[in-house]
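Have a look at the structure below, then the notes.
The values are calculated or read from the model by the stated rules, or taken from the named source; none is laboratory data. Only a predicted model underlies this, so the values are computations on that prediction, with no experimental measurement involved. Please note: Cβ atoms are built from the backbone with ideal geometry, for glycine as well, and neighbour counts cover all protein chains shown.
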Amino acid sequence: MRKTELERFRKLLVIEKERVEKSLHKHTQTVTHEGEVGGEGAKAHSNHMADQGSDEFQYETNIQISSSEGRYLYQLEQALLRIEDASYGKCGNCAKPIGIPRLKAKLDARLCIDCKEKEERGLI
């Protein structure tokens, strides 16, 4: 991959990483109730059972989103490290080029499409 392409992907990765960090921070604040009066990390208690169920569902959803975003953030950081060590854009399994269209669609791709399909079928 050319230096100009690597630099373009590095910039895209940094922008995406910053977006995910902001979103993760927002969800973490929601889960821990930071900034709420009397929050101290405790969950809110609703006066009605239906409201309490809705609150609990939203709380669990925020935890799941935070977990997913945390994993995605890690993958973005790993992709940035691959740019630094010149392995970005090369399949981690077969070492063939991943392909620009796949990288545009999935910035943190570590496998070429063929190896990813094999992985999903349990062949790798």
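A compact table of results
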quantity	calculated
Residue that is nearest to THR4 (Cα to Cα) [pool: residues in segment 91-106 that are surrounded by fewer than 19 Cβ atoms within 10 Å (Cβ to Cβ) and in contact (Cβ under 8 Å) with a residue 24 or more places away in the chain]	ILE100
Among (1) modelled with pLDDT of 95 or more; (2) outside the structural domain of ARG8 (by TED's automatic domain parsing); (3) touching a helix residue (DSSP H, G or I) at 6+ places or on another chain (Cβ under 8 Å) - the single one GLU120 does not satisfy	(3)
Selection from segment 78-90 of residues that are in a helix (DSSP H, G or I), out of contact with any Asp or Glu (no Cβ under 8 Å at 6 or more places or on another chain) and surrounded by 14 or more Cβ atoms within 10 Å (Cβ to Cβ)	LEU80, ARG82, ILE83
